[in-house]
Amino acid sequence: MKINKKILSCIIAASFNAQANNIMPEQKGNVLMGYWHNWCNSQGYQSGISPCISLTDINSKYNVVAVSFMTASGDSSIPTFTLSTDLKSQLGMSEGDFIQQISELNEQGRSVVLSLGGADAHIELSSGDEIALANEIIRLVDTYGFDGIDIDLEQSAISAGDNNTVIPKALIQVKEHYKDQGLNFMITMAPEYPYLRDGGAYVTYIEQLEEYYDFINPQFYNQGGDGIWVDGKGWLAQNNDSVKSDFIYHIADSLINGTNGYTQIDNDRLVFGLPTNIDAANNGYVFNPQDLYDAFTQLSNEGHPLKGIMGWSVNWDVGKNSSGQSYNNQFISDYASFILDDQTSHDDIKFSGIYDLRVQRSESFNALDGISATDADGNDITSNINTSGTVDTLQEGVFTVYYTVTDSNGNKSEAERIITVYNDAPVLIGVNDTTINIDSDFSPLDGISATDSQDGDLTNNINIQGNVNTAVEGHYTLTYTVEDQWQATTSLSRIITVTRDDITECSAAAWSNDKPYHSEDTVSFAGKIWSAKWWTKGEEPGTTGKWGVWINVEDCSGDNNDEGNTPSVWTHSQEYSMNDTVTYNNKTWKAKWWTQGEEPGTTGEWGVWKEITKN
């Protein structure tokens with residue numbers, strides 16, 4: 001299924017007002033990835049407890065944070081994300097706080113991705129859901145500032161419905177959507193490693209997203225006696241701690257080379273997933289970090305260094321065991337230096353703060369802000385740093401800055417970073433299709449505004465093409481265009497429908513006892529239009545009181561001088577007596593005599609039904 005990117009972009013631009021300033025840092029070096037719980041106080045496999053924490057409380061060494069989880073919600077098949085009430089009540093975290101915290105991590109060069117799935121996701125998509133899923137992901141990214149999606153489907157959800165085709169197609173569209181903006185929307189995957197065998201359920205995801213995914217972080221835990229057979233070593237079980245180093249090396253080597261029955265994953269896109277402690281998973285914890293050091297070093301010496309490691313989870317890394325003792329970021333203490341320090345170190349000279357950065361056009365930029373260096377003894381040699389390369393913040397584009405530092409012994413280290421200068425296009429607000437009554441007052445700028453992240457309010461700069469004749473029924477197209485000081489342009493269109501329908505707002509589907517309704521859904525019942533305040537099913541409008549789920553938003557009872565009886569929605573099976581009133585096809589009708597099954601409007605002026613409310 002090919003989705004028109006232009007149509008997709010227009011849908012998103014018209015529907016959502018972005019709240020977050022997306023940066024989407026790129027992780028070109030090694031990664032230390034950790035999952036964050038959108039809930040509080042999990043009980044562990046060894047009866048420990050993991051707390052809920054703010055994103056800004058996550059140890060700074062985690063440079064990729066996966067927010068868990070984006071899941072199916074209510075009766076919609078399209079998964080979504082909402083901040084949990086646990087975090088709101090126990091931490092006092094608001095939606096705004098959450099958005100700000102993601103922004104703070106981004107400013108530090110750290111990525112925050114949204115993890116799709118989890119063990120209890122119950123996600124089951126159907127062919128045709130591609131656009132809806134892509135729309136929802138873009139909405140969440142633009143609202144919260146997420147930097148990508150991590151596919152964390154497990155067990156039956158991997159191949160449920162059409163998940164294995166719908167999800168890749170939707171993610172490709174999202175990746176291209178942000179690529180057009182000069183951003184790298186990150187795609188990662190967290191398969192349980194047995195599903196990576198040839199023909200395994202995750203292989204189709206990898207094949208379809210081969211040119212699009214950033215890295216894969218398999219879960220090498222909770223798999224019990226599963227493992228790999230190696231000639232000369234025998235069966236290397238994942239939960240056999242006496243052969244842990246051999247297991248890590250050989251399973252990674254098999255994936256890197258696509259051997260021993262496993263699909264192939266490039267070494268520089270393979271991140272090794274582990275539990276952060278014994279409470280985080282049923283098995284798979286590496287009790288002796290040297291086992292991992294030895295396996296990774298052997299792979300590196302053979303020219304196949306891995307991208308990094310993933311830990312489930314950042315919450316468990318600061319959790320407590322069954323005796324109440326803190327795990328105290330032991331996972332980070334064991335692996336952060338080993339995984340991250342080699343990225344920018346030569347001869348034991350280490351840079352800090354060299355991350356790719358996006359800078360808004362005309363914003364000030366200093367190549368040395370936040371950059372430091374130390375020598376092999378830990379001495380600060382920041383003052384020895386020299387830079388080359390220029391960044392013109394008045395010009396959109398991609399620039400490279402080069403860093404060189406030399407210690408007192410003449411040892412030199414070099415690094416580089418990419419600086420992207422960008423300009424956000426203006427945002428048009430309120431450009432929505434509208435229906436108005438004939439001869440009514442209409443101003444094309446009512447409710448319309450434009451804003452720009454740099455220029456501020458640009459409402460006075462809006463140009464409108466098209467006209468609306470309120471004296472003539474019809475559909476009229478208005479196109480709104482606004483341009484900022486850098487000639488970045490946004491254009492949206494809306495349809496204005498002029499009609500004689502004076503009670504259009506009274507048109508709604510009849511309420512059904514067995515149908516679920518969501519917030520702001522409208523129904524017709526007992527001659528009135530009702531709007532749902534929240535999800536409901538089986539609660540009859542008008543019976544729940546003023547504090548209930550339904551609110552009456554319009555009275556469609558018609559001629560109030562005609563006996564005063566309240567009309568219901570006409571149904572084929574209902575019996576009606578003289579003077580009973582009903583609503584049907586946006587009109588109100590009164591029965592002249594007893595009737596059943598005679599559709600209002602079909603029996604003519606001498607028939608049973610008299611129309612008492614005209615459009």
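The values are calculated or read from the model by the stated rules, or taken from the named source; none is laboratory data. Please read these numbers as outputs of a predicted model, since none were measured by experiment. Every residue, glycine as well, gets a Cβ built from its backbone with ideal geometry; the counts of neighbours run over all protein chains shown. Ligands, DNA and RNA are excluded from the accessible area calculation, which covers all protein heavy atoms including side chains. Shrake-Rupley method; radii C 1.70, N 1.55, O 1.52, S 1.80 Å.
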> Fully extended, how many nm does the chain gain between S383 and D231 (0.36 nm per residue separation, minus their Cα-Cα distance)?
Replying inline: 49.3 nm
> Among all the aspartates and glutamates, which ones have a C-alpha under 15 Å from K320's C-alpha, if same-chain residues fewer than 8 places away are not counted?
Replying inline: D279
> Does the range 421-526 come out rounded, prolate or oblate, given a ≥ b ≥ c as the square roots of the eigenvalues of its C-alpha gyration tensor, rounded meaning a/c under 1.5 and, failing that, prolate meaning a/b above b/c?
Replying inline: oblate
> Between the range 46-94 and the range 253-302, what's the alpha-carbon centroid distance in Å?
Replying inline: 26
>> Probe radius 1.4 Å, ligands and nucleic acids ignored: give me the carbon and sulfur share of the accessible area of the chain as a rounded percent.
In response: 43
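Over the chain, give the accessible area per residue in Å² for a 1.4 Å probe, as an integer.
Numbers: 28270 Å² over 615 residues.
Accessible surface, normalised per residue, equals 46 Å².
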>> Need one number: nm distance between label points at Q487 and Y45, each 7 Å from Cα along Cα→Cβ, rounded to one decimal.
In response: 6.0
> For T56 and N585, what is the calculated FRET efficiency with R₀ set at 60 Å and r taken between the beta-carbons, to the nearest 0.05?
Replying inline: 0.60
> Just going by the charge dipole of the range 310-380, with Lys and Arg at +1 and Asp and Glu at -1 on Cβ, which of N315, G378, G353 is farthest out on the positive end?
Replying inline: N315
> How much of K233 can a 1.4 Å solvent probe reach, expressed as accessible area in Å² and rounded to 10?
Replying inline: 100
>> Among N329, H475, Y249, which residue has its Cα furthest toward the positive end of the charge dipole of the chain, with +1 on Lys/Arg Cβ and -1 on Asp/Glu Cβ?
In response: H475
> To the nearest 10 Å², what's E26's accessible area with a 1.4 Å probe?
Replying inline: 80
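Multiply the residue gap between S352 and K88 by 0.36 nm, knock off their C-alpha separation, and tell me the result in nm, one decimal place. Working shown, then result.
Numbers: separation 264, 0.36 × 264 = 95.04 nm, distance 3.41 nm.
Answer, rounded to one decimal: 91.6 nm.
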> Expressed as an acute angle from 0 to 90° and rounded to the nearest 10, what is the orientation of the C-alpha long axis of helix 244-257 relative to the principal long axis of the chain?
Replying inline: 70
> Cα centroids of the range 124-182 and the range 394-468: how far apart, whole angstrom?
Replying inline: 24
> Under 19 Å from the 7 Å Cα→Cβ point of E210, by amide nitrogen: which residues of the range 243-275?
Replying inline: 254-271
>> Students often forget the sequence filter, so: which lysines lie under 23 Å Cα-Cα from K610 once same-chain residues fewer than 8 apart are removed?
In response: K528, K587, K590, K592
> Assuming R0 = 45 Å, what is the FRET efficiency of K592 and I464, from their Cβ-Cβ distance, to the nearest 0.05?
Replying inline: 0.35
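Given R₀ = 22 Å, what would the calculated FRET efficiency be for K533 paired with I429, taking r from the Cβ atoms and rounding to 0.05? Don't skip to the end; give the middle numbers.
Working: r = 25 Å, r/R0 = 1.13.
FRET efficiency, K533 to I429: 0.30.
Suppose every K and R has +1 on its Cβ and every D and E has -1 on its Cβ; what is the size of the dipole of the chain about the Cα centre, in Debye to the nearest 20?
Values: 34 positive and 85 negative charges, 122 e Å.
Computed charge dipole of the chain: roughly 580 debye.
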> Spin-label point model (7 Å from Cα, Cβ direction): what's the S449 to N552 distance in nm?
Replying inline: 3.4
>> Quick check: the angle from helix 130-144's long axis to the longest principal axis of the chain, C-alpha only, nearest 10 degrees?
In response: 70
> Angle, helix 95-107 long axis vs. longest principal axis of the chain, Cα atoms, 0 to 90°, nearest 10?
Replying inline: 30
